[in-house]
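Following: one structure in structure tokens, then a few remarks.
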Amino acid sequence: MFSKMATYLTGKLTAAGEDYKLLENMNKLTSLKYLEMKHIAVNISRNLKDLNQKYAALCPYLDQITLTEEQVAALEKATYKLDAYSKKLETKYKK
């Protein structure tokens, strides 16, 4: 009976030891995965900073483009008015 009890307890202890080894391996793998994710996050952060700097450098040009676009729209509006006025003058002249 003692030998069977010893075998049983040895089996239980062996199983518990293997469970702890498995948990240890899982913790190591998880730690490595988190380290890899940290490196990815650092790279993303660095790239985001670079993009923000590039955007900040482009902002004056984008503002100029917006201003030019507004000026072109105003010029186009004036052109349509001038065209309409010239057509009125032409019809008036023809009469």
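Points to keep in mind about this one:
- A simple packing score, the average count of other Cβ atoms within 10 Å per residue, orders the peptides 88-95, 28-35 as 28-35, 88-95, with the highest score first.
- Estimated at the nearest 10 Å², the accessible area of L67 is 90 Å² with a 1.4 Å probe.
- Estimated at the nearest 10 Å², the accessible area of S3 is 80 Å² with a 1.4 Å probe.
- Shown is the FRET efficiency for L23 and Q53, computed with R0 = 41 Å from the Cβ-Cβ distance and rounded to the nearest 0.05: 0.35.
- Taken over the stretch 1-85, the percentage of Cα pairs per 10 Å bin, counting from 0 up to the bin with the maximum distance, is 14, 15, 13, 12, 11, 10, 8, 7, 5, 4, 2, 0.
- Rounded to 10°, Cα long-axis angle of helix 2-94 versus longest principal axis of the chain: 0
- Solvent-accessible surface (1.4 Å probe) assigned to M5 amounts to roughly 100 Å².
- Solvent-accessible area, 1.4 Å probe, carbon plus sulfur percent, for the chain: 65
- Measuring between their Cα centroids, the stretch 54-86 and the stretch 1-36 lie 73 Å from each other.
- Percent of C-alpha pairs per 10 Å bin, the stretch 26-71, short to long: 25, 24, 19, 15, 11, 6, 1
- Whole-number accessible area per residue in Å² for the stretch 6-62, which is evaluated in the context of all protein chains at 1.4 Å: 93
- Cβ-defined net charge surrounding K88, 12 Å radius [Lys, Arg +1; Asp, Glu -1]: +3
- Given their separation in residues at 0.36 nm each and the Cα-Cα distance between them, K4 and L35 gain 6.5 nm when the chain is fully extended.
The values are calculated or read from the model by the stated rules, or taken from the named source; none is laboratory data. Predicted model, so just to flag it, every value in this text is computed and none were measured. Please note: Cβ atoms are built from the backbone with ideal geometry, for glycine as well, and neighbour counts cover all protein chains shown. Just the protein is used for accessible areas: all its heavy atoms, side chains included, with ligands, DNA and RNA removed. Shrake-Rupley method; radii C 1.70, N 1.55, O 1.52, S 1.80 Å.
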